[in-house]
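Engineer: One structure, as structure tokens, below. Some questions next.
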Amino acid sequence: MGTIKLIALDMDGTLLNEMQEISSENAEWIQKALDADIMVCFATGRGF
């Protein structure tokens, strides 16, 4: 398995809680990914 270069995170119901906020734990792990030069992409299945 190769090096991770991108992490795509679903927003609704996964990354965001019921108040549409990112938990401090998730924010910490996102920052760790960015610090490791991993691109973080936020995704959704919702239309425009």
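Engineer: Taking residue 44 as the residue in question, decide whether it is touching an Asp or Glu at 6+ places or on another chain (Cβ under 7 Å) and at pLDDT below 90.
Structural biologist: yes
Each row is one residue, and each column tells you yes or no for (1) of a type outside the set (Phe, Trp, Tyr); (2) surrounded by 12 or more Cβ atoms within 10 Å (Cβ to Cβ); (3) in a loop (DSSP other than H, G, I, E, B); (4) in contact (Cβ under 8 Å) with a residue 40 or more places away in the chain.
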{"site": "7", "(1), (2), (3), (4)": "yes, yes, no, no"}
{"site": "18", "(1), (2), (3), (4)": "yes, no, yes, no"}
{"site": "28", "(1), (2), (3), (4)": "yes, no, no, no"}
{"site": "32", "(1), (2), (3), (4)": "yes, no, no, no"}
{"site": "42", "(1), (2), (3), (4)": "no, yes, no, no"}
{"site": "46", "(1), (2), (3), (4)": "yes, no, yes, no"}
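Engineer: Return the only residue of 14, 3 being assigned to a loop (DSSP other than H, G, I, E, B) and within 13 Å of the chain's Cα centre (by Cα).
Structural biologist: When all the criteria are applied, what remains is 14.
The values are calculated or read from the model by the stated rules, or taken from the named source; none is laboratory data. Remember, it's a predicted structure, so these values are computed and weren't measured experimentally. When we count neighbours, we look across all protein chains shown, and the Cβ atoms used for this are built from the backbone with ideal geometry, even at glycine.
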